[in-house]
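Engineer: Can you read through this structure? Questions will come right after.
The values are calculated or read from the model by the stated rules, or taken from the named source; none is laboratory data. Computed from a prediction, not measured in an experiment: that's the story for all the values here. Note that each Cβ is placed from the backbone with ideal geometry, even for glycine, and that neighbours are counted across all protein chains shown. What goes into the accessible areas is simple: the full protein's heavy atoms, side chains included, and nothing from ligands, DNA or RNA. Shrake-Rupley method; radii C 1.70, N 1.55, O 1.52, S 1.80 Å.
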Amino acid sequence: MPEPDDFLNVTVTQLEMGRPEVTAPVRPPAMQHALTFQRLREPTPSFYRYLYETVGEPWLWYERRNNDDDTLRSIICDEKIAVVALYYGGVPAGFAELDARVIASKPHDASLLAYFGLVPDFIGCGLGRFFLDATIHVAWEIFPADRLVVRTCTLDHPAALPLYPNCGFVPTGQHSPPLPPPPPRP
């Protein structure tokens, strides 16, 4: 058990959006190679780990890091989970995970944008808003809900918190839980 001084100081902000009016997708930035956005059907644990760890490592994502293959496969292949990826010229550039299992006080109450981010090589290229907008459109298309929820924290990229309201999310609360440091890698 970590000592109290080892805990991380973090503020978590929850943001929500109600079902938005149908809008045209955000246009992608001008890029040398094609951008494609794809929902991954039954991703392999190894590819999911590559995306999760590559995108999340700088921001201390660790919740899925120590799952064995069977546990991870049961999560990411669940019909109420959608893993999506952004590709630039065939190279993974971003990753998001939508979860319709997590928040439900009534049927179809809310789905969660559980993970969202860019591969570090693509941060600063103007892809964040385009990718988030595409992810939001997919969320509403595949998981009919009354709300879409996202949580970000002060450990995430500094552009994360301003990006969500720019794409239609509204802050609904903040809290500062005692967060233990990430466990060591297996």
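Engineer: Whenever you get a sec, compute what percent of the accessible area on the stretch 50-186 sits on carbon and sulfur atoms (1.4 Å probe).
Structural biologist: 57 percent
Engineer: Turning to a different aspect of this structure: Counting every Cα pair in the stretch 1-96, what percent are over 23 Å apart?
Structural biologist: Of the Cα pairs, 46 percent sit more than 23 Å apart.
Engineer: So if I place +1 on the C-beta of Lys and Arg and -1 on the C-beta of Asp and Glu, and nothing else carries charge, what would the dipole magnitude of the stretch 1-152 be about its Cα centre? I want it in debye, nearest 20.
Structural biologist: Charge dipole of the stretch 1-152: 560 debye, to the nearest 20.
Engineer: Using the heavy atoms of the protein chains and a 1.4 angstrom probe, tell me the accessible area per residue for the chain in square angstrom.
Structural biologist: 55 Å²
Engineer: When the Cα atoms of the chain are enclosed in a convex hull and the volume is divided per residue, what value in Å³ results?
Structural biologist: Dividing the Cα hull volume of the chain by its residue count gives 132 Å³.
Engineer: Next question, about the same structure. If we sort 113-119, 85-91 on the protection proxy, mean other Cβ atoms within 10 Å, highest first, what's the order?
Structural biologist: My ranking of the peptides, most packed first, is 113-119, 85-91.
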